[in-house]
Amino acid sequence: MLPALIGLTAIATASAAGYQSMAPQGQWFGRTFAAGVRGSKQIALTYDDGPNDPHTLKLLDVLAKHSVRATFFMIGRYVRQRPDLARAVAQAGHVIGNHTFTHPLLIFESAARMRMQLVDCQQVLEDTVGEHSNLFRPPFGGRRPATLRVARALGLKTVMWNVTGYDWNAPPAAVIEKKVVRQMRGGDVVLLHDGGHRAMGADRAQTVMATDNLIRRYKDQGYEFVPVEEMLAVSRQLSAVG
């Protein structure tokens, strides 16, 4: 009986660890930032897997129309391929973060390869846009303790999310909007995509439309859209006071 219980416990622990390695708000393997002050009137829109032609520029037009600043987690190889798009994001006043150089699932990479992915992306961002944020988002949300140790050693802050539009398969804008609205509680970090990790040119027209609709909806309700850096700063201030 005891060996069976030990076996079941080991299976349950392994299963839980596997879940935590991919769960956006999981904290087993180290602290990450996944949301701001719950119930606040702040929302941080974040976009992964760019820069991407032509939808990153179309998204910039929507954000500019509403005077909203967002956070873009960019793949290094796309920045190298289209530096003009990365520069356009930076020049528009948005925050740019590290999303690795080729978008691997880091839980299966050695510490050395993880470090190379982050360093290579950081270097191409510096070469392209100059000074930028110290924010890092692991591809697919996948991380393990070594991932966070490598990021910290490089001075990077790991950022996850607590709301997602499930837009990677390009569903209709109304579907993306509905999924986001269902999860929103205030103080949210919203995951959307302006690109696709498989190749340049992913169709993100529906995400662009959903972004326009979401900004209209929540601005009408008195919400403020801020980059992740601003949300982080507020959380730090409150933690210091507390």
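Answer with yes or no whether Lys179 is of a type in the set (Lys, Arg), open to solvent by 40 Å² or more (accessible area, probe 1.4 Å) and closer than 16 Å to Thr46 by Cβ.
Answer is yes for this residue.
Scanning the stretch 226-236 for residues that are more than 14 Å from Gly39 (Cα to Cα) and in contact with a strand residue (DSSP E or B) (Cβ under 7 Å, 6 or more places away or on another chain), which turns out surrounded by the fewest Cβ atoms within 10 Å (Cβ to Cβ)?
Checking each candidate, the answer is Glu229.
Of all the criteria given as (1) among the hydrophobic types (A, V, I, L, M, F, W, C); (2) farther than 27 Å from Leu85 by Cα; (3) assigned to a strand (DSSP E or B), the one not satisfied by Val181 is (3). Reported count of residues in the stretch 214-225, each being open to solvent by 60 Å² or more (accessible area, probe 1.4 Å) and under 20 Å from the mean Cα position of the chain (by Cα), is 1.
Yes or no: the stretch 154-174 includes at least one residue that is open to solvent by less than 10 Å² (accessible area, probe 1.4 Å) and over 30 Å from Gln206 (Cβ atoms). The answer is no; no qualifying residue exists. Please determine, by comparing only the residues of the stretch 45-82 that are of a type in the set (A, V, I, L, M, F, W, C) and in contact with a Ser or Thr (Cβ under 6 Å, 6 or more places away or on another chain), which one is farthest from His197 (Cα to Cα). Selected residue: Val62.
The values are calculated or read from the model by the stated rules, or taken from the named source; none is laboratory data. Because the structure is predicted, anything quoted here is derived from the model rather than measured. Here the Cβ is made from the backbone with ideal geometry for all residues, glycine too, and neighbour counts use every protein chain on show. Side chains included, ligands, DNA and RNA excluded: accessible areas come from the protein's heavy atoms. Shrake-Rupley method; radii C 1.70, N 1.55, O 1.52, S 1.80 Å.
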